[in-house]
Each structure stands twice: as structure tokens, then as C-alpha cells.
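Taken together, the values in this text are just the output of simple stated rules run on the coordinates, not laboratory data. Because the structure is a prediction, the values reported are computed rather than measured. Reconstructed Cβ throughout: ideal geometry from the backbone, glycine too, with neighbour counts over all protein chains shown.
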Amino acid sequence: MAGPAAAPTIHQRVTRGRFAVVAGRFNEPITKKLVDGALEAFAGHGVRAQAVDVHWVPGSFELPQAALALARTRRYAGIVCVGAVIKGETPHFEYVAGAALHGISRAALDTGVPMSFGVITALNEDQAWARAGGGVANRGEEAALATIEMAGWLETVRRGAGGPRKTRPRRSAVGR
């Protein structure tokens, strides 16, 4: 996927909740830029700095376990997972990226706490830097925005206030 993510719909009442950012130290200079992007996104949407906890773990492989442990505390409205996995000369890249993706998804589904996948998976370091705010966008910022949006959406559903709307798909002009 190239370019920035779609513009989010932010639910303001969730900005008062607590959030966590879990960051993998492997490729730390790149991951630090992702953390900075996430923190800027939270600040830009009214989340106080004191309401965001940053937790560092060894690498992207460890992100799911950390996110799951944090979600189980029930202290967080959402959790942003960031890291950088850069392809090398072995298939290790695929294993780490896949484990991080599936583990974070499973942790979110198992706990009901929104978690976003802000892990850069790049073929080389230049691509990783570009996705850490160096030209393509900052995946940490995008992940934080997705987490805020999902936390708001889930809160709406849980409270029954409006809930998800059932809409009918638009009929295509083709075949009429």
C-alpha cells in the first residue's frame, strides 16, 4: 500500500481515555519516529500526554504479547503497536512480520481492546524511513488515528448509542 491512509472519523469523547503505544526496539531509530508520530496524533486529537503510556519491547515479534498483557489490564481504550521489520537475506522477515500481524490481531479480537498494526514491513531501510514520516506518511501516526477511531466506534457500539447503521448497498448503474 502506498500513500497515506484514509482520513479517520474521530470520536471526541474517547480522547479522554488512556492509550498505550507498544514499540519494538529493533530498528529503534525508525521505530522512534513511529512513536513520535503516534504521540503527535494523540496530542492533535486532544489526548493529554499523561494519558498515553509508551512501552518498549525487544522487537516486533514481542509486540503481541506486550499488547495482550496491557489489554488484559483494562486500563486502555486502545493500544498502538509500532515497529520496523526490514527484509534481509533470509526468510526471517516473513516470520517476524507475520507473527506480529497475526498476534496483534488475535490479541485485539480476544480482548475487545482496539489495537492497530503500525509495524513497517519494508524491503530495505530507505523504504522504512519513507514510511516513518520521510515521504510516504508516518505509519505510527496513522496507527494512532486508527486506534482512536476504533476506540470511539467500539464505545458507541457498547453503549448502544446509535450503534452501527445498517445501510443498503447502492445499486450499480451497470446492468440496469
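Worth pointing out:
- Cα-centred dipole magnitude for segment 17-159, charges only on beta-carbon of K, R (+1) and D, E (-1), debye, nearest 20: 560 debye
- Environment charge at Thr111 (Cβ cut-off 13 Å; Lys +1, Arg +1, Asp -1, Glu -1): +3
- Semi-axes of the equivalent ellipsoid of segment 17-159 are 24, 17, 12 Å, computed as sqrt(5λ) over the eigenvalues of the C-alpha gyration tensor in descending order.
- Relative contact order of segment 17-159, defined on C-alpha pairs under 8 angstrom at six or more residues apart (%): 31 percent
- Of the GluC sites (Glu not before Pro) found in segment 39-148, the ones in coil according to DSSP and having at most 11 other Cβ atoms within 10 Å of their Cβ are Glu89.
- Local electrostatic count at Glu28 - Lys and Arg +1, Asp and Glu -1, tallied over other residues with Cβ under 15 Å: 0
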